[in-house]
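Worksheet for the structure shown next.
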């Protein structure tokens, strides 16, 4: 039975270890003589796919941390769903021939921000060159200012870009990664190894020995949140037009749309891996959460401002929106046409009278009296009932300070 190459005191039960550790240090792939158990490669890869409940919670917590930080700065956040398997880090050295990118020390899959930057720079270049028709506003200068410029070897004309790309932490569809297989039939040709069946030739031929290679992927339907930060003061110095009005965000959204549709993210994109589409539902949830957070922040700021006011100023501030709302109802009723003594506006006015009479702050009472006086003139709004008219006049007099 294959074992992991670890000290004996650690044992061989690693089911609670993170996927990254099970795929790395704790990979159960070795024979007793420390040679690779080739027949167990698939099983060894599958042993690293399962996510424990703790792994899921850690992944969700990491993404929530990113979202919280993103809400506090000048960032563009874009939510996406994978429409095909996603894989990355295949070039990392590994006994299974293909590695995988796990974020240390958590041992969870991730897409490095540098990889996101490379894909979006390529998307921007393809749009700028006109290869896909409309350039969507991308120019060579915009690419340089946003992504930076690296001169040729020995050159000194470097420039950092205004954008910073965060690592992406996929939220898995399900509770495990997937194991997929690629089976090259020309390994002797790719490795330039002579094949006895072709007379010692290294040329490709149809009778090449298949060589199944197992690798890990994130399953389709997984959620990805891309966060891009812009150094606005830096960008404003380089290209003010890109910094004004969120122009950089419009350009970046166009690059994302192109990358989602045509380029993909991660490895093996040429054969369909890494394809994604914008997640409209996640975007709506994020916008609603932001609106709630903004409302809570505004309410807290208003409460603090009220606490710092004198009681009179606080009462006046609270009364103003009530008076404005009454005047808005008055304007709407007048716009509807002739006054209706039994109409709904009369109930609105009676309710406002009761509210205003409960105020003690002089400015609030006087403003309420003026609004009520405007609502009951000879031309419009005067109650037809004599008692109602007298009650309204008395309320106006009392609120304005009369006797």
Complete set of residues in the range 142-187 that are modelled with pLDDT under 90, in contact with a helix residue (DSSP H, G or I) (Cβ under 8 Å, 6 or more places away or on another chain) and either outside the structural domain of residue 68 (by TED's automatic domain parsing) or surrounded by 14 or more Cβ atoms within 10 Å (Cβ to Cβ) (or both):
184
Return only the number of the condition from (1) at pLDDT 95 or above; (2) more than 29 Å from residue 285 (Cβ to Cβ) that residue 96 does not satisfy.
(1)
Just name the residue that is farthest from residue 91 (Cα to Cα) out of those in the range 259-310 that are more than 23 Å from the chain's Cα centre (by Cα) and in contact (Cβ under 8 Å) with a residue 24 or more places away in the chain.
272
Kindly evaluate residue 120 against the criterion of being touching a residue at least 60 places away in the same chain (Cβ under 8 Å) and farther than 28 Å from residue 21 by Cβ.
yes
Output the residues belonging to the range 215-235 that are in contact (Cβ under 8 Å) with a residue 12 or more places away in the chain and out of contact with any helix residue (DSSP H, G or I) (no Cβ under 7 Å at 6 or more places or on another chain).
215, 217, 218, 219, 220, 221, 222, 224, 229, 231, 234
Test residue 205 against the criterion of being outside any helix (DSSP H, G or I) and either in contact with a strand residue (DSSP E or B) (Cβ under 7 Å, 6 or more places away or on another chain) or modelled with pLDDT of 95 or more (or both), and give yes or no.
no
Across the range 305-314, what is the total count of residues that are surrounded by 10 or more Cβ atoms within 10 Å (Cβ to Cβ) and out of contact with any helix residue (DSSP H, G or I) (no Cβ under 6 Å at 6 or more places or on another chain)?
5
Report, by residue number, each residue of the range 315-329 that is in contact with a helix residue (DSSP H, G or I) (Cβ under 7 Å, 6 or more places away or on another chain) and under 22 Å from residue 381 (Cβ atoms).
319, 322, 323, 326, 327, 329
Within the range 2-43, which residues are free of Cβ contacts under 8 Å to residues at least 24 places away in the same chain, exposed (fewer than 13 other Cβ atoms within 10 Å of the Cβ) and on the phi < 0 side of the Ramachandran plot?
7, 8, 9, 10, 12, 13, 33, 35, 38, 39
On the basis of being closer than 21 Å to residue 167 by Cα and either crowded, with 18+ Cβ neighbours inside 10 Å or out of contact with any helix residue (DSSP H, G or I) (no Cβ under 6 Å at 6 or more places or on another chain) (or both), does residue 63 make the cut?
yes
Kindly indicate which of 39, 45 is modelled with pLDDT under 95 and in contact with a helix residue (DSSP H, G or I) (Cβ under 8 Å, 6 or more places away or on another chain).
45
Residue list for the range 208-256, restricted to those being part of a loop (DSSP other than H, G, I, E, B) and closer than 19 Å to residue 112 by Cβ:
222
Are there any pairs, at least 6 apart or on different chains, whose C-beta atoms fall under 8 Å, with the first in the range 372-390 and over 14 Å from residue 353 (Cβ atoms) and the second assigned to a loop (DSSP other than H, G, I, E, B), and if so, which?
380/338; 380/339; 382/339; 382/376; 384/341; 385/341
Under 7 Å between Cβ atoms, at least 6 apart or on separate chains: pull out the pairs that start in the range 63-85 with a residue that is at positive phi and end on any residue that is surrounded by fewer than 16 Cβ atoms within 10 Å (Cβ to Cβ) and part of a helix (DSSP H, G or I).
none
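Let's see how each residue does on (1) assigned by TED's automatic domain parsing to the domain that holds residue 72; (2) crowded, with 16+ Cβ neighbours inside 10 Å; (3) at negative phi; (4) modelled with pLDDT of 95 or more:
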position: 299; (1), (2), (3), (4): no, no, yes, no
position: 303; (1), (2), (3), (4): no, no, yes, no
position: 344; (1), (2), (3), (4): no, no, yes, no
position: 381; (1), (2), (3), (4): no, yes, no, no
position: 388; (1), (2), (3), (4): no, yes, yes, no
position: 394; (1), (2), (3), (4): no, no, yes, no
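Against the definition (farther than 19 Å from residue 399 by Cα and in contact with a helix residue (DSSP H, G or I) (Cβ under 6 Å, 6 or more places away or on another chain)), how does residue 361 come out, yes or no?
no
The values are calculated or read from the model by the stated rules, or taken from the named source; none is laboratory data. Worth saying up front: this structure is predicted, and the values here are computed from it rather than measured. Using ideal geometry, Cβ is built from the backbone for each residue, glycine included, and neighbour counts are taken over all protein chains shown.
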